[in-house]
Every structure is written in structure tokens, then in C-alpha cells.
1. Go through 84, 77, 99 for me and flag whichever is within 26 Å of residue 43 (Cβ to Cβ), open to solvent by 70 Å² or more (accessible area, probe 1.4 Å) and out of contact with any strand residue (DSSP E or B) (no Cβ under 9 Å at 6 or more places or on another chain).
2. Out of the residues in segment 113-148 meeting the condition of being part of a helix (DSSP H, G or I) and either at pLDDT below 90 or farther than 18 Å from residue 50 by Cβ (or both), tell me which one is nearest to the chain's Cα centre (by Cα).
3. Of all residues being open to solvent by 100 Å² or more (accessible area, probe 1.4 Å) and either over 29 Å from the mean Cα position of the chain (by Cα) or at positive phi (or both) in segment 7-49, which is modelled with the lowest pLDDT? Just the residue, please.
4. Is there a residue being of a type in the set (Ser, Thr, Tyr) and modelled with pLDDT of 90 or more anywhere in segment 68-81?
5. Starting from residues that are surrounded by fewer than 19 Cβ atoms within 10 Å (Cβ to Cβ) and small (Gly, Ala, Ser), keep the ones in segment 327-381 and report whichever is farthest from residue 294 (Cα to Cα).
6. Out of the helices (runs of 4 or more DSSP H) lying entirely within segment 236-297, which hold 3 or more residues that are among the charged types (D, E, K, R) and open to solvent by 10 Å² or more (accessible area, probe 1.4 Å)?
7. Please find, within segment 298-320, the residue that is farthest from residue 238 (Cα to Cα) out of those that are open to solvent by 60 Å² or more (accessible area, probe 1.4 Å) and in contact (Cβ under 8 Å) with a residue 60 or more places away in the chain.
8. Restricting attention to segment 308-320, does a residue exist that is part of a strand (DSSP E or B), more than 35 Å from the chain's Cα centre (by Cα) and more than 22 Å from residue 270 (Cα to Cα)?
Amino acid sequence: MEERKKTKDRAIKALNQELEGNETAFRSYLNSDLFLQVVATNNVWMGIAVSFLVSLIGCLGLFGLSSSFAGRPAIFYVPSELVYYLLLLVNLPHLLLLYYFTQNAAKFQAITRIRWCYANLMVNAILSGITIYSTQIGSSFLFETVLIMIAICCLPYYHKWYGFFLVILSFSSTTLVLMEARIRLAWQDQYDIFLFYLICQVIIILRRRWFRQSSWYNYVVNETSGQLFLRSRTDELTGLANRMALREDFPNYLRQNLGIAMVDLDDFKYFNDHYGHAYGDLVLQNLGQFLMDNVANHHVHCYRYGGDEALIIATATEENDFVEQLLLVQWNYARMNKNLESPATLSIGYCTGIVDSEEELRKAIKQADASLYQAKKQGKNKVLGQTFQEQAEQENNK
């Protein structure tokens with residue numbers, strides 16, 4: 001019983017540590033530049049949506065005023081057209097600006113784009129109350145105010161208190177316009193206005209929470225997918241790319257100056273049989289680490305081809321330069337292992353040239369493998385090879 005209780009306590013402790021670690025990672029993500037970029041992208045597109053909807057209200061309002069069904073304004077000393085023109089004057093230029101942001105996001109910092117969006121939303125929050133001046137006799141005073149505030153509250157993401165400030169701006173604007181126009185509302189209408197703005201604030205809080213959580217989940221999913229993709233392309237023992245990665249990368253190597261080298265550990269079988277497979281695995285791990293640290297880069301890719309063979313494919317390289325690089329690899333590896341009881345030398349077969357198809361690339365790899373075999377036959381610890389074109393000419397002459 002005591003042992004079971006200890007096991008349960010350890011499980012609970014481990015779970016708490018995991019949850020605490022997840023919470024720490026979540027907080028770190030929310031404070032990262034990556035999340036700031038996500039917010040900027042979201043707010044630019046949602047800002048476009050808000051400006052478009054407010055502009056649409058302006059256009060439909062002007063169209064309605066030109067209709068034969070239009071009624072008399074409820075507030076006669078402020079022209080209704082002026083209100084709708086003001087909506088268009090504010091939002092149409094901002095639509096163009098935000099669209100420019102979407103096409104040239106790299107030119108502007110994330111915080112700059114967020115601030116521009118928020119400034120426009122502040123103006124629209126004030127305008128939501130001013131739309132009361134466009135009310136016609138017999139219609140609701142607050143219909144357009146509600147439409148604009150729903151768009152403002154539901155679409156963009158706000159940092160803490162920013163959304164609350166927008167609600168206060170709209171509420172203040174609405175209250176001042178009603179007081180200035182001396183519009184007397186029934187107690188029930190006053191209560192409904194207060195309830196509406198309270199709901200707006202709740203919507204902003206829920207939207208903020210949803211956006212943060214969904215953004216975090218997307219980040220975790222993308223990170224996990226990337227890790228799984230990388231693991232599917234990586235040889236578990238050596239850390240080099242595997243044969244599947246090689247097949248996937250074939251199209252990247254076509255119609256380029258390539259250097260292809262097949263690398264083999266000399267006397268690996270002896271050391272593997274003499275010291276055991278665990279020691280052989282360690283040797284292969286060391287070879288993989290050596291290639292990743294000293295050979296692999298943006299233009300040079302290393303794969304585990306099979307057994308103790310590794311494949312190197314370099315792009316944008318000439319034959320002489322590639323051979324010099326291989327000799328340097330061979331020399332560095334021998335120097336690193338000269339005092340260890342492990343394979344200290346490498347035999348390398350290579351092939352260089354331009355290949356136009358995946359079939360030619362396979363032939364070039366086979367050619368490098370054949371050159372490796374010749375290097376082994378000639379005493380090991382050698383670098384032998386030729387161009388792909390030379391090999392093709394030799395086959396044609398046969």
C-alpha cells in the first residue's frame with residue numbers, strides 16, 4: 001500500500017512538472033517575436049475586414065439616402081450624408097494602407113503594423129457613436145453603432161486593456177452624442193446600451209483568449225510536424241540524412257555542377273567483429289558527427305547510404321575544388337582518429353559533372369560507388385574518381 005502511494009505521488013509530481021513546463025513554454029511563446037508577427041498578420045487582415053465593413057455601411061447609407069423611401073433625419077442640424085462620407089473618408093485610405101502592409105510586410109516592423117490598425121480602430125470606435133447623427137425618423141438610433149462595434153470586437157486581437165479602451169471610447173462617444181442631441185431614451189434602452197457594451201467587452205476577452213490558445217496550438221502542431229518530418233529523414237544511428245531523404249532530394253540536384261562522393265570506413269568489419277557491434281555503432285556515430293561538423297553546409301549534403309558508407313553530394317562545385325575538399329576530409333578524419341583503436345582512414349570514390357535527370361543521378365552515384373571499390377582494391381585510404389561525362393564516353397567506346 002505504501003509503495004503504491006509513493007508511485008502515485010511520483011506520477012502526480014511528474015504530471016505537475018510537465019504542466020508547469022507547458023505553461024512556461026506558453027508564456028514564453030506569448031512574449032516572443034514570433035507571436036508578435038502572428039498578431040500583426042492577423043490584425044492587418046482583420047483591420048481590412050473592419051474597414052471594409054464600415055466602408056460598406058457608408059456606401060449603403062449614401063445609397064439609402066438617395067432612395068425614394070428615405071425618411072427625414074431624426075437630428076436635422078447634422079446632414080446624414082456627412083456621417084457616411086466621414087466613414088468612407090477614414091476607412092477607404094486605411095484599406096489601401098493595410099493592403100500595402102500585406103504586400104510589403106517585411107518593410108515594416110510588426111509593432112508598427114499593429115499600431116496603425118489599432119489607431120484606425122480607435123477612430124472607428126468614436127465614429128460608431130457619431131453614426132447616431134445619421135438616424136432617420138422611425139428607425140433605431142443605435143443600429144449602425146451596434147454593427148460597427150460587433151466588427152471591432154469580434155475580428156482583431158487586442159493586448160491587455162487595449163480592447164477595453166476601445167469599448168470605453170465607443171461608449172463615451174455614444175453617450176456624448178445622445179446628450180448633445182438631447183435624445184431621451186427609456187430606462188430599458190439605457191439598460192440595453194450598458195448591456196451591449198458589457199457584452200462587447202466579454203467578446204473581446206473571449207476572442208483574446210481563443211486567439212492566444214489557437215495560435216499556441218498551431219505553433220505546437222507546426223513544431224511537432226517539423227520535428228517528425230526531420231526525424232523521418234534522419235538516420236537514427238549517425239544523425240545523417242537517410243535514403244528516403246536522398247530520394248526526396250533528387251530533384252534539387254538536377255542541372256547543377258555536382259560533386260558526388262561515396263565514403264567508406266577502412267577495415268570497419270575488422271573493428272566491428274573484434275570489438276563488438278556496440279563499438280561499431282559508436283564508430284558510425286563518430287563518423288556521422290564528423291561529417292555534420294566538418295563537411296555538411298548549405299551546399300554540401302551528407303547521407304548514410306548503407307552499412308558504413310556515407311554519401312556526400314555538393315552543389316555548385318568544380319572537380320578540382322571538390323577533390324581538394326575530399327582530400328581535406330580524409331586528412332582531418334585520419335588526424336582525429338590516429339590515437340584511437342578505430343578505423344582511422346577513409347576510402348573515397350567520387351564523380352563530378354552535370355546530370356539532367358534522376359536516372360543520370362543514380363548512374364553518377366553508382367559511378368562514385370564503383371570508384372570507391374577501385375580505391376579499396378588499390379590499397380585503401382585513397383580518393384579516386386572521374387567526371388560523369390568521362391564515364392559516359394568510356395561506356396560508349398566499349
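The values are calculated or read from the model by the stated rules, or taken from the named source; none is laboratory data. Keep in mind that this is a model prediction, so the values were computed, not measured. FYI the Cβ positions are ideal-geometry reconstructions off the backbone, even for glycines, and counts take in every protein chain you see. Ligands, DNA and RNA are excluded from the accessible area calculation, which covers all protein heavy atoms including side chains. Shrake-Rupley method; radii C 1.70, N 1.55, O 1.52, S 1.80 Å.
1. Working: 84 fails: open to solvent by 70 Å² or more (accessible area, probe 1.4 Å); 77 fails: within 26 Å of residue 43 (Cβ to Cβ).
Being within 26 Å of residue 43 (Cβ to Cβ), open to solvent by 70 Å² or more (accessible area, probe 1.4 Å) and out of contact with any strand residue (DSSP E or B) (no Cβ under 9 Å at 6 or more places or on another chain) holds for just one of 84, 77, 99, which is 99.
2. Here is the first cut: in segment 113-148, the ones part of a helix (DSSP H, G or I) are 113-134, 143-148.
Imposing the further condition that a residue be either at pLDDT below 90 or farther than 18 Å from residue 50 by Cβ (or both) reduces the set to 132-134, 143.
Values: 132: 44, 133: 46, 134: 45, 143: 40 Å.
Checked segment 113-148; the qualifying residue nearest to the chain's Cα centre (by Cα) is 143.
3. Going through the qualifying residues, I end up with 8.
4. From segment 68-81, those of a type in the set (Ser, Thr, Tyr) are 68, 77, 80; that's our starting set.
Next, only the ones that are modelled with pLDDT of 90 or more stay: none.
No, segment 68-81 contains no residue that is of a type in the set (Ser, Thr, Tyr) and modelled with pLDDT of 90 or more.
5. If we take residues in segment 327-381 being surrounded by fewer than 19 Cβ atoms within 10 Å (Cβ to Cβ) and small (Gly, Ala, Ser), then 357 is farthest from residue 294 (Cα to Cα).
6. Numbers: elements: 243-249, 268-275, 277-294.
Of the helices (runs of 4 or more DSSP H) lying wholly inside segment 236-297, those with at least 3 residues that are among the charged types (D, E, K, R) and open to solvent by 10 Å² or more (accessible area, probe 1.4 Å) span 243-249.
7. As a first pass, look at segment 298-320 and keep what is open to solvent by 60 Å² or more (accessible area, probe 1.4 Å): 298-299, 301, 316, 318, 320.
Among the residues that remain, those that are also in contact (Cβ under 8 Å) with a residue 60 or more places away in the chain are: 301, 316, 318.
On the way: 301: 14, 316: 26, 318: 28 Å.
Per the criteria, the residue is 318.
8. no
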